[in-house]
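This report refers to the structure that appears directly beneath it.
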Amino acid sequence: MNWQAMKSIYLFEMARTRRTLLQSIVSPVLSTSLYFIVFGSAIGSRIQNIEGVSYGSFITPGLIMLSLLTLCISNGSFGIYFPKFTGTIYELLSSPVSMPEILVGYVGAAASKGLIVGAIILGTAYFFVDVTIQHPLLMITFFVLTAITFSLLGFIIGIWATNFEQLSLIPSLVIPPLTFLGGCFYSINMLPPLWQTVSHFNPVLYLVSGFRWSFYGISDVNPWISLAIIIAFLGVCLVLVSWMFRTGYRLKS
């Protein structure tokens, strides 16, 4: 295992975060703080408690997941797409660095950035709403697995994309609707039966629901099912990345 190669890739990607601190850290934290102010304080004061939890507290896990998914996909996709765009990917592929080492470097950095911002948002939430974490170990498990899984998804998007329009296609047109319709701001039990059934086909529902259960012990889906789905999705992403590297899909041409 080439630890120096993984460290170099990881540190290079993390250094890019330091150079764009306002965009990478400050901007998502400020945006989420506005959600807390508008939805948690202004609107939340006019909404009844949801399953015994105030509305502002209820949406906190969803807001953290919203930021985590968006940032991990964005960082994971841009991290591998930029070397493709500049042509430096060929130097990396011709060097004595294996696929797992490249993967750990890029995906590890993307996940780290998402976890840092997510942790800051969690800390910020305490200034606006009452937050309780009943199952901290499970919360960390959901937190880390989600960051790694969606950083991998971003990595796949970065390899698949051939231009900047494709690079932003899935993060801007697919992920936000799935996130907003995945129970971030409401419980699916508040929906009509038909839409409750439809919501169960949304993978983001399981992430948000499991993550919320680790906070308050309430969820729309069994948390262990949510955990199993995250692990299964992670496995699918790993298989797909392995195929891309093995065949050279959009990497060697």
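The values are calculated or read from the model by the stated rules, or taken from the named source; none is laboratory data. Just so it is clear, the structure is predicted and the values come from calculations on it, not from any experiment. Neighbour counts are summed over all protein chains in view; Cβ atoms, including those assigned to glycine, are modelled from backbone coordinates with ideal geometry.
Determine the pairs where a residue that is of a type in the set (D, E, K, R), located within segment 98-115, has a partner that is at pLDDT below 95 and not in a helix (DSSP H, G or I) with Cβ atoms under 8 Å apart, the partner being 6 or more residues away or on another chain. Pairs found: GLU101/MET1; GLU101/ASN2.
Candidates in segment 75-98 are the residues that are in contact with a helix residue (DSSP H, G or I) (Cβ under 6 Å, 6 or more places away or on another chain) and of a type outside the set (Phe, Trp, Tyr); of these, the one that is surrounded by the most Cβ atoms within 10 Å (Cβ to Cβ) is GLY76.
When LEU238, LEU234, LEU152, LEU227 are checked against the criterion of being touching a Leu at 6+ places or on another chain (Cβ under 9 Å), under 25 Å from GLY108 (Cβ atoms) and buried (at least 23 other Cβ atoms within 10 Å of the Cβ), a single residue qualifies: LEU152.
Quick check on ILE25: is it within 24 Å of the chain's Cα centre (by Cα), modelled with pLDDT under 85, surrounded by 15 or more Cβ atoms within 10 Å (Cβ to Cβ) and of a type in the set (A, V, I, L, M, F, W, C)? Please lay out each step first, then the result.
On the way: within 24 Å of the chain's Cα centre (by Cα): yes; modelled with pLDDT under 85: yes; surrounded by 15 or more Cβ atoms within 10 Å (Cβ to Cβ): yes; of a type in the set (A, V, I, L, M, F, W, C): yes.
For ILE25, the condition - within 24 Å of the chain's Cα centre (by Cα), modelled with pLDDT under 85, surrounded by 15 or more Cβ atoms within 10 Å (Cβ to Cβ) and of a type in the set (A, V, I, L, M, F, W, C) - is met.
Considering (1) modelled with pLDDT under 90; (2) more than 15 Å from the chain's Cα centre (by Cα); (3) over 25 Å from VAL241 (Cα atoms), say which one LEU173 fails and leave the rest. Going through the list (1) modelled with pLDDT under 90; (2) more than 15 Å from the chain's Cα centre (by Cα); (3) over 25 Å from VAL241 (Cα atoms), LEU173 breaks only (3). Take LEU30 and tell me if it is without any contact (Cβ under 8 Å) to a residue 24 or more places away in the chain, of a type in the set (A, V, I, L, M), surrounded by fewer than 20 Cβ atoms within 10 Å (Cβ to Cβ) and more than 18 Å from ALA15 (Cβ to Cβ). Taking the combined requirement at face value, the residue satisfies it. Each residue in segment 108-131 was checked for being within 21 Å of GLY79 (Cα to Cα) and of a type in the set (Ser, Thr, Tyr), and 1 pass.
Considering the conditions (1) over 22 Å from GLY56 (Cα atoms); (2) hydrophobic (A, V, I, L, M, F, W, C); (3) buried (at least 16 other Cβ atoms within 10 Å of the Cβ); (4) modelled with pLDDT of 85 or more, LEU122 is excluded by exactly one of them, (1). Whenever a residue of segment 179-204 is closer than 20 Å to ILE50 by Cα, its partners that are surrounded by fewer than 17 Cβ atoms within 10 Å (Cβ to Cβ) and among the aromatic types (Phe, Trp, Tyr), lying with C-beta atoms within less than 8 angstrom and at least six residues away or across chains, give the pairs ILE188/TRP195. The listed residues are GLY44, GLY76, and the only one of them that is in a helix (DSSP H, G or I), at pLDDT below 80 and among the small types (Gly, Ala, Ser) turns out to be GLY44.
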